[in-house]
Every structure is written in C-alpha cells, then in structure tokens.
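First up is the structure itself, then whatever we jot down about it.
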Amino acid sequence: MDLKMQLLPESGRKPLPDSNNLGFGIHFSDHMFVMNYHEDKGWHAPRIIPYDNFSLNPASVCLHYGQAIFEGLKAFRGVDGKIRLFRPEENMKRFNSSAWRMCMPRIDERDLLESIKQLIRVDARWVPEAKGTSLYIRPFMVATEAFLGVRPAKEYLLCTILSPVGAYYSEGFNPVKIYVTDKYVRAAPGGVGEAKTAGNYAASLMASEEAKKLGFTQVLWLDAVKRRFVEEVGTMNIFFLFDDALVTPALSGSILAGITRDSVLHLARSWGLNVEERPISIDEVIKRAENGDLKECFGTGTAAVVSPVGSLFYKGNSYTVNGGKTGPLAQRLFDELTSLQYGEQEDVYGWIETLD
Ligand SMILES: *Cc1c(COP(=O)(O)O)cnc(C)c1O
C-alpha cells in the first residue's frame, strides 16, 4: 500500500486531554486514516491526514440507507511503555465479514492493519499511560456514492479514527442491573445481527432508553422468533456460570461473534472449566437463579472486557446474581485479559501484537 502522509506541524497538534477524565469516545487524536473505493479503480489514495470534518454529497448512500460498518479495538500502553494490540487480525477479519454482509467491498486485511499501526505510530502520544486507559481504534466504512436508488453503492470511504478512553472501572467493578426485554428485539434470523453495521445500534436505542428510564443499565435481548432464548446484553456477548458449566449462546447468525467472547471461551477451556455454547432459554436462567444454580453472569466486549451482571429483571421480578457482587470467575477473566493487554504477563496465547 502506497500510504501518503500529510502530517500536522508540531505547533498545530492538539493539547492532550486530562488522562484522569477521558470518558469514552469524546476526544480524538490529531490524525486519521482515509482511503477511497470506486468500482472501476478499487481501493485507492490511502492517506494519513489531519483529523477533520468530511465533505459528503447529501445524496451519499450511507446517509439514507445505512450502508455502513465499523470495528472497535484498543491499543494499550504496557508497563514497559510499549504499545500493544489485542488480536487485531480478528477485527480485520470481522470487518470483511461485515462488509460482505452489507454488499460492501472487501479490503486487504494486512493493509488495513498496517494502516492502523502506522496511524498509531503517528499519534503515539495519544496512547494514555494510566492503568485501565487505552486508545480506542475505530475503523469504519461508509457508502459515499451520490445515488438515491436502492442497490449497493459503487463508491466507499474507509476511515480510521483514534480516541483515548478512560478506565471502564475507575472505582472497581460495579455489577450492572439488567432489564430482560420481551418487547423489542435486536436481530432476527436471516438479518444482520452478525454484522457490525450502523443500523443495529440505532435499532437498539429505544429498548435501552426505556430500560434506563426504569433504572436499569442495559437490556438483555431475547431471540426474535420465540422471545425465549438469550442472545446478548446491550452491545456485549453474555455468559452464565451455572454450577455445572460456563454457558454462552451459540453463534446463531443473529449474535455478534465477539473477540472477547472467543478469548473467554479459550481461557475457560484452558482452565479446565466445562464450557458450553448452546441455546439458553430465559426460563432456564430464571429457574437456575431461583434454585441457586446460577453462580455468575457477565457480559464481554472490547470496551469493558468483562462486565458483571448484579441482577436480572424479567416479567416483574428481580433476580439477584451472586449477591449483586462480582464473582471470582469474572474477576479472574478480567485480570487475565488485562494483564496480557498491559504486558504484565507473558503472552502465552499468541494474542498480543506489539508495535515497534
Ligand atoms: C462489538 C460487539 C460485541 C463485542 O465484540 P468484541 O469483539 O468482544 O468487542 C458484542 N455484541 C455486539 C452487538 C457488538 O457490536
């Protein structure tokens, strides 16, 4: 890839935000990566340029019909000062499978990863140092062709932006209260639940707003057909530790194949736990919560790594999980994954890519 760089002079670069108060997705680094696609030319003009607004034709397909996908991964500043990425090839692969599902062009996965690394090198001072903080990496692709007919666009824009983000748990784990919704669904069989595509998140807003109004942090989604089988929690995959197994819903097509999910499955198996990927009915969860078989419940995703669930609210009843406290398995998984990400232990899994 013939990557062109147009960098800001030192004097034009932004002051860094307060690393104790970063929040999520609020601050953006000095530069961004951009590349264009045209049906006749393929991908062209890869460049790193100053972070700035786009100019888009108002008829751009992405603004009307949502042909838009994204990824989310993080760069971590290790205890040795080195910058690490966690399983980035998996994000590149998933970007291409999302692109495929939305009839968007594929991209060379090695080129995309190389462009991301180059962007991070340019903006390395934006990788924060405090434990738990990181640089969130957001590659995305949108259809830019100016055309109001409904068919796959012939022109696209790929862009990567970087955002320094705070520690998800600055005051320790805080198990969340979850509302199980049987009114709304996130994704249906044959739909696009498996793709990281913009519309899935717009479609989820109503349910989470209603849950928040009732005092809950997030919703637990059930399957779209029977409203019976557990799918995901908010924008995370979900795990249940029953007394005989660690269980997570099998990838059915309507569930996002999380990289954290896959890592948790791998770790749990390597620790000798009995692990099952299978349909889990909400009735089973409730029954096991009532008879004491439900030991832990937690969500997994890049942003939080592991997010313990303290209680589930379903059909007017509240079910407390592990006394509303973080369980030992959630804690162990969180500690193992973060100590790899921050270079505190040797990467025996081959999951870490260090930036030179
Ligand atoms: C991104 C995402 C996840 C988590 O995926 P990770 O690769 O673990 O970050 C889970 N569910 C949904 C709906 C997502 O968008």
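Do we find that Ile107 is under 20 Å from the mean Cα position of the chain (by Cα), in contact (Cβ under 8 Å) with a residue 40 or more places away in the chain and more than 17 Å from Val305 (Cβ to Cβ) in this structure? Against the criterion (under 20 Å from the mean Cα position of the chain (by Cα), in contact (Cβ under 8 Å) with a residue 40 or more places away in the chain and more than 17 Å from Val305 (Cβ to Cβ)), Ile107 qualifies. Among the candidates Val225, Val233, the residue that is aliphatic (A, V, I, L, M) and within 12 Å of the ligand (Cβ to nearest atom) is uniquely Val233. Looking at the structure I just gave you, is Glu129 more than 16 Å from the ligand (Cβ to nearest atom) and either farther than 22 Å from Met5 by Cα or outside the structural domain of His31 (by TED's automatic domain parsing) (or both)? Yes. Selection over the range 205-243 of residues that are touching a strand residue (DSSP E or B) at 6+ places or on another chain (Cβ under 8 Å) and either hydrophobic (A, V, I, L, M, F, W, C) or part of a loop (DSSP other than H, G, I, E, B) (or both) gives a count of 24. Mind listing whichever residues of the range 281-307 are within 16 Å of the ligand (Cβ to nearest atom) and closer than 16 Å to Val176 by Cα? Listed by number, the residues that qualify are Cys297, Phe298, Gly299, Thr300, Gly301, Ala303, Ala304, Val305, Val306, Ser307.
Conditions (1) over 23 Å from the mean Cα position of the chain (by Cα); (2) within 13 Å of the ligand (Cβ to nearest atom), marked per residue:
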position: Ala203; (1), (2): no, yes
position: Lys213; (1), (2): yes, no
position: Ile238; (1), (2): no, yes
position: Asp243; (1), (2): yes, no
position: Val247; (1), (2): no, no
position: Ile259; (1), (2): no, yes
position: Ser263; (1), (2): no, yes
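Okay, residues lined up against (1) within 26 Å of Glu210 (Cβ to Cβ); (2) in the same structural domain as Gly301 (by TED's automatic domain parsing); (3) surrounded by fewer than 21 Cβ atoms within 10 Å (Cβ to Cβ):
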{"position": "Phe240", "(1), (2), (3)": "yes, yes, no"}
{"position": "Leu251", "(1), (2), (3)": "no, yes, yes"}
{"position": "Thr260", "(1), (2), (3)": "no, yes, no"}
{"position": "Glu277", "(1), (2), (3)": "no, yes, yes"}
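One residue alone among Ile161, Ile120, Ile107 is touching a helix residue (DSSP H, G or I) at 6+ places or on another chain (Cβ under 7 Å), in the same structural domain as Asp18 (by TED's automatic domain parsing) and more than 16 Å from the ligand (Cβ to nearest atom), and that residue is Ile107.
Applying the criterion of being more than 20 Å from the chain's Cα centre (by Cα) and among the β-branched types (Val, Ile, Thr) to the residues of the range 308-347, the residue that is farthest from the ligand (Cβ to nearest atom) is Thr320.
The values are calculated or read from the model by the stated rules, or taken from the named source; none is laboratory data. It should be emphasised that the depicted structure is a prediction, and the values quoted were computed from it without experimental measurement. Virtual Cβ from ideal backbone geometry, glycine too; neighbours counted across all protein chains shown.
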